[in-house]
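The values are calculated or read from the model by the stated rules, or taken from the named source; none is laboratory data. Because the structure is a prediction, the values reported are computed rather than measured. In this analysis, Cβ positions are derived from the backbone assuming ideal geometry, glycine residues included, and neighbour counts consider all displayed protein chains. Keep in mind that these areas ignore ligands, DNA and RNA; they rest on the heavy atoms of the full protein, side chains included. Shrake-Rupley method; radii C 1.70, N 1.55, O 1.52, S 1.80 Å.
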Amino acid sequence: MLHREFRPRAVGGSVRRALTFGAALFLLAGCAPVQSGPAGSGGDERTGTVRVWLFDEANRAPKETVVNEAIAEFRATRPNVEVDVQWVPVAGRAEKFAGAFNDPASAPDLAEFGNTDLAGYAVTGAFADLGDDLASWPEGKDIDPSVLETAKSGGKIYGLPWYTGMRALYYRTDVFAELGLRPPATLAELTDTARRIRAKRPDLYGISVGGKYTYAMLPFLWAHGGEIAEYDGTMWNSTVNSDRATEGIIRYAELIHDDICPAAQCADFTGTQSVQAFAGGKAAMTIGGDFSRKAMDQGAVKDKYAVMPLPGTETGSIAPAFAGGNLLGVFRASMRRGLAMDFVELLGSAKYQEKMYLAMGNLPTLSGVQQKLAANDPFLAPFVETLRAGTKFVPSTPAWSKIDSQNVLPTAVQQIATGAKQPSAALAAAAAAMNKAFR
């Protein structure tokens, strides 16, 4: 194989670290844009309390331990400064942030937020442009360029990428050995392999994917040269019905078929359900994230799976992956902007990105940390390789949250997979719905 793979060991050690990533799965879906009043000009006081909003987790303890270490280090050289952390439930973040946008006096100095929420937040004017800060930060040059793109809106950088999330191909080593199969080298070979597995092992899905699993579909679209939409300098225009995008979506929809993953079950699968099917021993392959590791190691496939980058259309290529993740941003209304930025850079430093990975499994955004950790933890290598091959992102516009919440793309995929509509009709309707949202 041209790509590095991860195969879990049967013993303990770094490969067996528990990852607590459940709540982060929700961050890959944007929330509706909010309205705000004046953002406030802020100030640069060097004493007092720095107010911080961080996302709560299903198991907050490991994250909180690392954050407390950072606070202690921060205060060691700033005796007249306090740091007050408030833990924000992910499900309630829209209301929480809306309140801060409408009333700058209630806003924190800095906050963690999802990169798919960025476009909606940026239009409020509530967050500061951190472009100059990151350019002068010594560690800033090590931020992976494609991940940095997820922190941009309207050409400005509104956050330091704290961690990112990649997806790759999980496959059953025992099933592949039993059937004498090799890991697929292209997307076409993946489809053929999945079909062969289903024929020989009808008790398994050849690959578990879903009509509602947009972030598994997008690599197929991108690998075939398509794009979700294009910006003409004035507005976004959907391109999901272009020839290349159509080809990629059709190739993905082919996986949701009786001879691979029956539409009767898989057309309604979400990403979580697709991963659960694999973890539960019901599928030979799936497209899962670095954050899916805990589910795998607690499931029926424990010690029976390997991970490799999702291949592209040509042998040796890697399909572009969606780069999810969270950012750390500074509110413009902050009266302690310098202190807030100092704390952002400490939490986002190589030292604390490594600590957060060891505690929570968060994929670092600094290239040097990625290389160091991947050298010691084989599980991480396929995701880092995917990241370095180049990632993609959704259109940077508040309209995307509306498109996402209306299930525009999942509906088209389901229609194609079930035969309810021809691909051209399904994608023409999807493009029209997207353009309506963009305008």
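Among the residues of the stretch 180-199, those that are open to solvent by less than 30 Å² (accessible area, probe 1.4 Å) and farther than 11 Å from MET285 by Cβ comprise ALA185, THR186, LEU187.
Within the stretch 82-110, residues that are closer than 19 Å to ARG337 by Cβ and without any contact (Cβ under 8 Å) to a residue 40 or more places away in the chain have Cβ atoms under 8 Å from residues that are of a type outside the set (Ser, Thr, Tyr) and open to solvent by 70 Å² or more (accessible area, probe 1.4 Å) in these pairs: GLU82/ARG75; ASP84/ARG51; GLN86/ARG51, counting only partners at least 6 apart in sequence or on another chain. Within the stretch 360-378, the set of residues being among the small types (Gly, Ala, Ser) and either buried (at least 22 other Cβ atoms within 10 Å of the Cβ) or assigned to a loop (DSSP other than H, G, I, E, B) (or both) comprises just one member, GLY361. Would you say ALA412 is assigned to a helix (DSSP H, G or I), within 30 Å of LYS294 (Cβ to Cβ), open to solvent by less than 30 Å² (accessible area, probe 1.4 Å) and touching a residue at least 12 places away in the same chain (Cβ under 8 Å)? Judged against the criteria, ALA412 is not a match.
Scan the stretch 291-303 and tell me whether some residue there is closer than 24 Å to GLY211 by Cβ, in a helix (DSSP H, G or I), open to solvent by 10 Å² or more (accessible area, probe 1.4 Å) and aliphatic (A, V, I, L, M). Within the stretch 291-303, one or more residues are closer than 24 Å to GLY211 by Cβ, in a helix (DSSP H, G or I), open to solvent by 10 Å² or more (accessible area, probe 1.4 Å) and aliphatic (A, V, I, L, M). Figure legend. Inter-residue proximity from the stretch 365-380: first residues more than 13 Å from ASP144 (Cβ to Cβ), second residues open to solvent by less than 10 Å² (accessible area, probe 1.4 Å) and outside any helix (DSSP H, G or I), beta-carbon distance below 6 Å, spacing 6+ or different chains. Indicated pairs: PRO378/PHE6; PHE379/PHE6.
As for the stretch 379-392, it holds at least one residue that is among the β-branched types (Val, Ile, Thr), under 29 Å from LEU110 (Cα atoms) and open to solvent by 20 Å² or more (accessible area, probe 1.4 Å). Residues satisfying the criterion are absent from the stretch 313-329 (criterion: part of a helix (DSSP H, G or I) and of a type outside the set (Asp, Glu)).
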